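Presented below is the structure to which this report refers.
The values are calculated or read from the model by the stated rules, or taken from the named source; none is laboratory data. Keep in mind that this is a model prediction, so the values were computed, not measured. No Cβ is skipped: glycine too gets one built from the backbone with ideal geometry, and neighbour counts run over all protein chains shown.
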Amino acid sequence: MKVSGFASLCRVVSAAMFGLVVISTGTLTSAIAAAPAAPEVTRGPSGLQLPRFVSLKSGRVNSRIGPGVNYAVGWMYMKSGLPMEIIQEYDNWRRVRDSDGVEGWINQSLLSGRRTGIVAPWQKGKQTQISLMAEPGSGAGVAAILEPGVIGTIKTCNGEWCEMTFDGHTGWVSQSLVWGAYPGETVKD
């Protein structure tokens, strides 16, 4: 069977492209395998780490759909001390995410570096209770019983346990149950 010059050229180009894809895929696989498990620390224009947790200063804070007062208010928060995660910065505006995953822009003057946390917000509405331990560790005595969704002030976290205060009761909560501290993060007051 005779093959035309054009068909031959197409086969050569196809084979070359297939080889390029195979080589690229192999290189990509090697690059993915060599990637570190933990992401590098990113810094925003402010010089501070992104993402990071903060809390609301005021009991009435507008979350806007864009970074500026000319943008519409998408949500109004009515709870001082509510933890928020800053995920982006633009000028004096911070793009934040709440524990429900809702995102919006808040002026930095309405945010505080004071660390607060919500205990197991994903368990809200379910018949479950979380123990506030007297010491860090599951074998310690129980200082209080907490309901999912309760907000407390983070005093310190050691990467596994967070010492928190809830309405005058201080104790330790497993860090995996706190929205307001990253897994393995250490926090010092």
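General remarks:
- Contact map, the stretch 151-166: residues that are more than 11 Å from Val178 (Cβ to Cβ) paired with residues that are in a strand (DSSP E or B) and charged (D, E, K, R), Cβ distance under 6 Å, separation 6+ or inter-chain. Pairs shown: Lys155/Glu163; Thr156/Glu163; Thr156/Lys188.
- Within the stretch 65-81, the presence of at least one residue that is under 20 Å from Met164 (Cβ atoms) and not small (Gly, Ala, Ser) is confirmed.
- Listed by first and then second residue, the pairs linking a residue in the stretch 52-69 that is without any contact (Cβ under 8 Å) to a residue 24 or more places away in the chain to a residue that is in a loop (DSSP other than H, G, I, E, B), with Cβ atoms under 8 Å apart and 6 or more places separating them unless they lie on different chains, are Gly59/Met78; Gly59/Lys79; Gly59/Ser80; Arg60/Met78.
- Identity of the residue in the stretch 53-65, in contact with a strand residue (DSSP E or B) (Cβ under 6 Å, 6 or more places away or on another chain) and in a loop (DSSP other than H, G, I, E, B), that ends up nearest to Glu89 (Cα to Cα): Ile65
- From the options Ser131, Ser112, residue that is in contact with a Ser or Thr (Cβ under 6 Å, 6 or more places away or on another chain), surrounded by 14 or more Cβ atoms within 10 Å (Cβ to Cβ), without any contact (Cβ under 8 Å) to a residue 60 or more places away in the chain and of a type in the set (Ser, Thr, Tyr): Ser112
- In the stretch 49-72 there is at least one residue matching the filter, namely being β-branched (Val, Ile, Thr), under 16 Å from the mean Cα position of the chain (by Cα), surrounded by 10 or more Cβ atoms within 10 Å (Cβ to Cβ) and modelled with pLDDT of 50 or more.
- Filter result for Glu89 (at pLDDT 95 or above and within 13 Å of the chain's Cα centre (by Cα)): no
- Summed over the stretch 163-189, residues that are of a type outside the set (S, T, N, Q), farther than 25 Å from Met78 by Cβ and touching a strand residue (DSSP E or B) at 6+ places or on another chain (Cβ under 8 Å) total 8.
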